[in-house]
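Written below as structure tokens is the structure these notes are about.
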Amino acid sequence: MARLSELRACRMLTASCSKPSLTLLKTRFDGPHFSCREKEGRVALIASVPKALTSRYQAGKLIQETAPLVGGKGGGRPELAQGGGTDVTKIDAALARAKELLAVARLKKAGASPRR
């Protein structure tokens, strides 16, 4: 299940998929993306941010904030990070948190306040 969101001219993608493909996402999508995968009772997390957007969003921070939600940890660089966990029941919570973090980062950069 993928959720493409547009927030004030910045597209971001959060997805729960059977087999995330960074190559496919990088060639077809130019915004930050975060994906989760459940495999054999474990959760795999991947975040990617185009280099031009790393002043706004950081993949490593996305993973550091979302991995504990699925009972795990992770990290990486500002443009690419990965993590994992053991609680597959929390994948939706991790996706929601990633979307929230991306939205907040976008609004802070734009100087706007979040809408409720």
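Below is a table of values for the structure above.
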item: Amide hydrogen neighbours beyond the local backbone of GLY72, cut-off 5 Å, H modeled; result: THR86
item: Efficiency of FRET from Cβ geometry, LEU80 and ARG42, R₀ 25 Å, rounded to 0.05; result: 0.80
item: Ranked LYS90, LYS73, LYS51, LYS61, criterion: other C-beta atoms within 10 Å, fewest first; result: LYS51, LYS73, LYS61, LYS90
item: Additional length obtainable on full extension of the chain from SER55 to ASP92, 0.36 nm per residue less Cα span; result: 10.7 nm
item: From phi via Karplus (6.51, -1.76, 1.60), per-residue ³J(HN,Hα) for the range 37-45 in Hz, x at Gly/Pro; result: 9, 9, 9, 6, x, 10, 10, 10, 10
item: Rounded to whole Hz, the Karplus (6.51, -1.76, 1.60) HN-Hα couplings of the range 55-66, x for glycine and proline; result: 6, 9, 10, 9, 4, x, 5, 4, 5, 4, 7, 9
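Each value in this text was obtained by applying a stated rule to the coordinates, not by laboratory testing. These figures come from a predicted structure and were not determined experimentally. A quick note on method: Cβ atoms are made from the backbone with ideal geometry, for glycine too, and the neighbour counts reach across all protein chains shown.
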